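Written below as structure tokens is the structure these notes are about.
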Amino acid sequence: MINKIVAIQGDHPSKLNPSTDTSIFLAKEIQKKNYEIFYYEPKNLSIDKSKVIAEGFFIKFDYNKKKFFKILKKKKLDLLKCKFILIRQDPPFNLEYISTTYILDTIKNKVKIVNNPTSIRNISEKLYSPKYQKFMPDTLFSQNIKEIKKFFNIHKKIVLKPIHGHGGNEIFLLSKVNLKLIKRFIKKHNFVMCQKFLPKISQGDKRVFIINGKISGAISRVPKKGSFLSNLSKGGKAIHTKLTKNEIKISKKIAFDLKKENIFFAGIDFIDQKLNGDINVTSPTGLKTLYDISKINLAKTFWKELKA
């Protein structure tokens, strides 16, 4: 029997920021439809006698209370009892993350899982982007020092990113070749992403929300003074924005492709009308921020598209 249960696989609620977190925002919206929220961490997912079970707890979220969540009951739950499962833990996209997608693969045809675990595994958030290179600033994926030096010598100012990072963490702006830093970075991350620096990031980027193959909304995120990182977690400020015709055209193309790949919810980013190459499919964020600045509630859209 399928119950009105939404399971969320994510980082422990105590690590979440209720003022910006999209997982809480989605959970809060579906609570209004009398769904129960079952929350568990990836490490507590198991297969036992062919059953996919998770050790976690039923939880209720409340923005009006200082402690924004209340654990109602601890439980070991057969996830087939859920109507929906949301995969919402943050990267790094490591072996634990990959293993959870294999486990959830075994029930994906019986429970609606967002995003599809096979699709999350197949779509590297950065390595999926080379097919859109013509819409991006010059970009190199490599762990070859010679190639990275050559790329730097062409562009003089580049951004260095880990391929499986998130949230603006461990991103460096290089104005000169720092071989020591690059070697250390490659040793830690293996393949890395190098990108021509776009100075107009100082005016902000644009995060576009894609739900079920449709452009559903967008925000602009402006870096704090002295920073080139627009991520809200790095001090970026969200403001209203409109997409240009070019950004809409590119977004529609990617939205179409992602729907074919069984990706229901994604976020893509533009800087100076160029796609920055991050196709966010693991735990896209920004819906709460969009609501706070515009009162546009894409959590409602999310659940409506899922026919919850």
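The values are calculated or read from the model by the stated rules, or taken from the named source; none is laboratory data. Note that the structure is predicted; figures quoted are calculated from it, not measured. Virtual Cβ from ideal backbone geometry, glycine too; neighbours counted across all protein chains shown. Only protein heavy atoms, including side chains, enter the accessible area calculation; ligands, DNA and RNA are left aside. Shrake-Rupley method; radii C 1.70, N 1.55, O 1.52, S 1.80 Å.
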Intensity falloff of segment 200-251 expressed as log10 I(q)/I(0), Debye formula with alpha-carbon point scatterers, at q = 0.12, 0.15, 0.18, 0.20 Å⁻¹: -0.28, -0.43, -0.58, -0.69
Estimated translational D of segment 114-242 in µm²/s (Stokes, Kirkwood radius over Cα pairs; 20 °C; 1.002 mPa s): 133
Loop-located chymotrypsin sites (Phe, Trp or Tyr not before Pro) in segment 62-105, at most 14 other Cβ atoms within 10 Å (DSSP): TYR63
Three-way shape label, segment 41-194, alpha-carbon gyration tensor, a/c 1.5: prolate
Candidates ILE239, ILE47, ILE123, ranked by Gaussian network fluctuation over the chain, Cα under 10 Å, top entry: ILE47
Theoretical FRET efficiency, 1/(1+(r/R0)^6), r = Cβ-Cβ of LYS225 and VAL177, R0 22 Å, to 0.05: 0.25
Positive-pole candidate from GLY277, ILE219, ILE201, dipole of segment 151-308, charges at beta carbon: ILE201
Surface accessible to a 1.4 Å probe, per residue, for the residues of segment 125-209, Å²: 54
The chain - percent of accessible surface contributed by carbon and sulfur, probe 1.4 Å: 51
Rough spin-label spacing in nm, given labels placed 7 Å along Cα→Cβ, for ASP257 and ASN144: 2.3
Over segment 160-247, relative contact order from alpha-carbon pairs under 8 Å, at least 6 apart, %: 23
Principal axes of the chain: Cα extent on each, largest first, Å: 61, 43, 38
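Please report the relative contact order for segment 35-105, taking Cα pairs under 8 Å with a sequence separation of at least 6, and give it as a percent rounded to a whole number.
Worked out over segment 35-105, it gives 30 percent.
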In nm, spacing of pseudo-spin labels at GLN273 and SER46 (7 Å Cα→C-beta vector): 5.6
Selected from LEU79, LEU181, LEU45 as most flexible by GNM, with the chain as the system and alpha-carbon contacts under 10 Å: LEU181
Computed lengthening from SER202 to LEU72, 0.36 nm per intervening residue step minus Cα-Cα distance: 42.3 nm
Contact order relative to length of segment 84-197, as percent, for alpha carbon pairs under 8 angstrom and 6 or more apart: 29
Prolate/oblate/rounded call for segment 173-264, Cα gyration tensor, a/c under 1.5 rounded: oblate
Projected area, mean over directions - segment 13-58, Cα convex hull, nm²: 4.1
For segment 64-103: accessible area per residue (Å², 1.4 Å): 63
Per-peptide average of other Cβ atoms within 10 Å, ordering 134-145, 257-268, 219-230 highest first: 257-268, 219-230, 134-145
Pairwise label distance in nanometres, THR244 with ASN64, each label 7 Å out on the Cα-Cβ vector: 4.5
